[in-house]
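Let me begin by presenting the structure, written as structure tokens, before commenting on it.
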Amino acid sequence: MRTSLSIAAGALALATLTACASGPAPATGAGAAPAASGPAAGGPVAVAANDTECKVAVTEVPAGTSTFAVTNGGTKVTEFYVYAAGDRVMGEVENIVPGLTREVIVELPAGTYQTACKPGMIGKGVRGPLKVTGEHKPLSDDAELAAATAGYKRYIRSQSETLLTKTQEFVDAVKAGDVKKAKALFPVSRTYWERIEPVAEIFGDLDPAIDARENDVAEGEKWTGFHRIEKDLWVGGDIGEDGPIADKLMTDITTIVEKANAAELSPVLLANGAKGLLDEVASGKITGEEDRYSHTDLWDFDANLQGSKAAVQALRPVLEQRAPELVTTLDEKFAAAEAALGEHREGDGWKLHTELSKDDLKKLSDAINALSEPISKIAAVVAK
């Protein structure tokens, strides 16, 4: 599914997080014998994923932070999720290529959840039950972590307000049949979407309804959202029938903005979100797969980089106290990534992906890989 230019996807996948919680092994997950229950000290919860199964080593973990180590033994790229009721995403790790193990730290209050692996990164996934028991002191009880989360929510709110405005302008252009204006507004509106995606992704089916690419849509599901309109704009040049799709996009964006601004966020979500945005750059933007019809991937690249930096900056006071050397490294690597991307600035926007050489893409890939490694350490620092 990935092209030969997906240099960064595998490299980024090698950077793993430090374990913070544990559970007993061995056991099985959905589609097999019942898993063991009850936590035990000693390491992350092992998840064995393949093209048909998602074997989670436990069905019960203690409230607090848990680390899940997901090994992909299948032939397809996969994802792992922990869902609360209504498919709210409590934690996720994407782009787990065959043969690799990736980890994710999740903060879970007592309650019932589901785990899911998604072979091919589509559909509802192979699911199993997860029970969380006991009491824990939320990470946000720490005053500095609470301040970090509040600061990040202010950033999300400011970006969301502009997202609503710019998406409405894009939708109006589509409904008016103004192809030239809609093309110009497409990457601009998506900029604000890409900046808030770590929060937007936690709400069930809304994210794929807004941002799914054609190959991300499971059989029998309807393709909607930005990329559906993108294809009509650049491939067919005919958006005469796209009015209802544009209206649904605006409705979905409005709903997700309301939910994002009301959401209670765990501090580890900021850390995981910062890393997840860089993973998106590696798996979609550098490869040119994200905006495959318009080739406006560098707008998304820049937005993901800015969104990642905003999450890290919100956590900066905590990181300066707990891991000052990590902060120095992050500053250096962010500056290097921004400089590498800045070479491809064009007017108020960016060059098209098709205008970049393989050497250009390799340089960008190397910069993102170098930044991803220290960012992968933040969640463990926050969860201490």
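How long, wide and thick is the stretch 247-384, going by the Cα atoms along their three principal axes, in whole angstroms, largest first?
44, 40, 24
How many times 2.2 N^0.38 Å is the alpha carbon radius of gyration of the stretch 191-267?
My calculation over the Cα atoms of the stretch 191-267 gives 1.17.
If I fit a long axis through the Cα atoms of helix 267-280 and take the longest principal axis of the Cα atoms of the chain, what angle between them do I get, 0 to 90°, rounded to 10?
It works out to around 50 degrees.
Bins of 10 Å, beginning at zero and ending with the bin holding the largest distance: percent of Cα pairs per bin for the chain, please.
5, 24, 34, 26, 9, 2, 0
What is the spin-label model distance, in nm, from A370 to H136 if the labels are put 7 Å beyond Cα along the C-beta direction?
For the pair A370/H136, the computed spacing is 3.5 nm.
Could you tell me how far the Cα centroid of the stretch 186-265 sits from the Cα centroid of the stretch 86-157, in Å?
Computed from Cα coordinates, the inter-centre distance equals 22 Å.
Using a 7 Å offset from the Cα along the Cα-to-Cβ direction at both D359 and T162, what is the distance between the two label points in nm, to one decimal?
3.4 nm
Of T296, I378, T329, which is farthest on the positive side of the dipole of the stretch 280-384, counting Cα position, with +1 on Lys and Arg Cβ, -1 on Asp and Glu Cβ, and the Cα centre as origin?
My answer, from the dipole projection, is I378.
Between E346 and A176, what FRET efficiency comes out of the Förster formula 1/(1 + (r/R0)^6) with R0 = 30 Å and r the beta carbon distance, rounded to 0.05?
Rounded to the nearest 0.05, the efficiency is 0.65.
Quick one: compute the contact order of the chain, relative version, from alpha carbon pairs under 8 angstrom and 6+ residues apart, as a percent.
After rounding, I find 17 percent.
Which of the aspartates and glutamates could a cross-linker bridge to K358, judged by Cα under 13 Å and excluding same-chain residues fewer than eight apart?
Correct list for K358: D366.
Tell me, what is the per residue accessible area of the chain in Å², probe radius 1.4 Å?
So the chain comes to 39 Å² accessible per residue, rounded to a whole number.
Starting from the Cα-Cα distance between E214 and E325, subtract it from 0.36 nm times their residue separation and give me the gain in nm to one decimal.
Gain on extension, E214 to E325, equals 35.7 nm.
Compute a Gaussian network model of the chain, connecting alpha carbons closer than 10 Å, and tell me which residue from E221, E338, E241 fluctuates the most.
E221
With all protein chains present, how much of the accessible area of the stretch 308-384 (probe radius 1.4 Å) comes from carbon and sulfur, to the nearest whole percent?
Carbon and sulfur atoms account for 48 percent of the accessible area of the stretch 308-384.
Around G74, which amide H atoms from residues at least 5 apart in sequence, or from another chain, sit under 5 Å from its own amide H, with H modelled in the peptide plane?
Here the answer is D51, G99, since their amide H atoms fall under 5 Å of that of G74.
Give the span of the stretch 120-167's Cα atoms along each principal axis, as three whole-Å numbers ordered largest to smallest.
40, 37, 14
The values are calculated or read from the model by the stated rules, or taken from the named source; none is laboratory data. Owing to the predicted nature of the structure, the values given are computational and were not obtained by experimental measurement. No Cβ is skipped: glycine too gets one built from the backbone with ideal geometry, and neighbour counts run over all protein chains shown. Heads up: the accessible areas ignore ligands, DNA and RNA and are worked out on the full protein's heavy atoms, side chains in. Shrake-Rupley method; radii C 1.70, N 1.55, O 1.52, S 1.80 Å.
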